[in-house]
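To start, the structure under review is shown below, and the notes come after it.
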Amino acid sequence: MREIINGMTNEMKLEFDSRSANEAFARVTVASFMTQLNPTLEEVSDVKTAVSEAVTNAIIHGYENHVNKIQIFAGIEGKTLRLEITDRGVGIPDVKQAMEPLFTTKPELERSGMGFSFMEAFMDEVIVESEPGKGTTVRMKKVIGKGRELWTTQSL
Amino acid sequence: MKYEVQENCLTIYLPGDLDHHNSEEIKREADRLIERGHVRYVIFDFSETEFCDSSGIGVIMGRYKKICMFGGEVWAAHANERIKKILKMSGATKIMQIYEED
């Protein structure tokens, strides 16, 4: 399946309880894993924010604050970081609506409704797969090191 | 975390990570102080803050809603470049003043 011509592949999987204390653990772990791509500080911050948004969504919306398991898969293919954040919670009935800026199902919690907007702003690709009653997977991709050393990665 | 009320001004010294985990306590404590006193200005001090996500934006928006109908204002102080970017992207800068030192 994988066709990597010029680069390595590396993968990791993480499973943890959907407790808010684990939000920092999750984003710092992914940040640490991606350091092998030699990212800029900005790229690390972007990924940390996106991971934090997806994990927070799983805790608040997916599991509605019940403790269950959240899984993170992270893969490196060449210069691309690929992430999958999965919960087996309630799922999202209308993904398109959920991804609209400022949309929130929980206004009483003063959620800003910016979670998916932040993921989309900071990652190159965000795909949400969800089925009510089964759970949600957020797949994200980001090419690391875009602005730098383009001449070594682009064949002319 | 530290909260300081001076006259009609509440300063919240934010933690290193302003995420969902930390924001719940800040909301509770800030609202308690706002409801108790005559707080008109809320200053979010980001000196120690390295990380802020949309939950942090929710904290700011929520406090703004509480005080804006009494003519209150929210301010950000000591925000680093990353935090400023998040504040701008989220639109929080439309309701919040950013205190810039020179």
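No lab work stands behind these numbers, since they all come straight from the coordinates. Please read all numbers here as calculations on a predicted model, not as lab measurements. Here the Cβ positions follow ideal geometry from the backbone for every residue, glycine too, while neighbour counts run over all protein chains shown.
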Item to check | Relative contact order, percent, chain A [alpha-carbon distance under 8 Å, six or more residues apart] | outcome: 26
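Can you tell me the alpha carbon radius of gyration of region B:2-99 divided by the globular rule-of-thumb value 2.2 N^0.38 Å? Mind dumping the intermediate values first?
Values: Rg = 12.0 Å, N = 98, 2.2 N^0.38 = 12.6 Å.
Here the answer is 0.96, to two decimals.
Per-residue ellipticity at 222 nm for chain B, helices alone: DSSP H runs ≥ 4 residues times -39500 (n - 2.57), over residue total, nearest 500 deg cm²/dmol?
Details: 3 runs with 42 residues, N = 102.
Value at 222 nm, helices only, nearest 500: -13500 deg cm²/dmol.
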Checklist entry - Got a sec? How would B:Cys9, B:Cys68 order by Cβ neighbour count within 10 Å, fewest to most? => result B:Cys68, B:Cys9
Checklist outcome for this item: Out of A:Asn65, A:Ser18, A:Leu41 - ranked by how far each Cα lies towards the positive end of the dipole of chain A, with unit charges on the beta-carbon of charged residues - the top one is A:Leu41
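Relative to the Cα centre, what is the charge dipole magnitude of the protein assembly as shown, using +1 at the beta carbon of each Lys and Arg, -1 at the beta carbon of each Asp and Glu, and rounding to the nearest 20 debye?
Numbers: 32 positive and 41 negative charges, 70 e Å.
My answer is approximately 340 debye.
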Checklist entry - Tally Lys and Arg at +1 and Asp and Glu at -1 over the other residues with C-beta under 10 Å from the C-beta of A:Thr80: what net charge comes out? => result +1
Checklist entry - Where both partners of a DSSP beta bridge lie in region B:2-99, what percent of those bridges are antiparallel, to the nearest 5? => result 25
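Mind checking the mean number of beta-carbon atoms from other chains within 10 Å of the Cβ atoms in A:48-58?
Values: counts 5, 8, 1, 1, 10, 5, 0, 3, 7, 2, 0.
Taking the mean over all residues of the peptide, I get 4.
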Next on the checklist: Need one number: convex hull volume per residue for region A:9-145, Cα atoms only, in Å³.
Outcome noted: 96
Checklist outcome for this item: Least to most buried among A:Met119, B:Met96, by other C-beta atoms within 10 Å and fewest first, runs B:Met96, A:Met119
Checklist entry - Just in region B:51-102: which chymotrypsin sites (Phe, Trp or Tyr not before Pro) are loop by DSSP and have at most 12 other Cβ atoms within 10 Å? => result B:Phe70
Next on the checklist: As a test, work out the antiparallel percent of DSSP beta bridges whose residues both lie in the protein assembly as shown, rounded to the nearest 5.
Outcome noted: 70
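Working from the alpha-carbon coordinates of the protein assembly as shown, get Rg over Rh, Rh being the Kirkwood radius.
Details: Rg = 19.3 Å, Rh = 19.3 Å.
Radius of gyration over Kirkwood radius for the protein assembly as shown works out to 1.00.
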Checklist entry - In degrees from 0 to 90, rounded to the nearest 10, what is the angle of the helix B:54-68 Cα long axis to the longest principal axis of chain B? => result 30
Checklist entry - Hey, got the dipole for region A:9-145? About the Cα centre, +1 on K and R Cβ, -1 on D and E Cβ, debye to the nearest 20? => result 260
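Would you mind ranking B:Leu10, B:Leu33 so that the residue whose beta carbon has the fewest other beta carbons within 10 Å leads the list? Walk me through the numbers on the way to the answer.
On the way: B:Leu10 24, B:Leu33 16.
Ascending Cβ contact count within 10 Å gives the list B:Leu33, B:Leu10.
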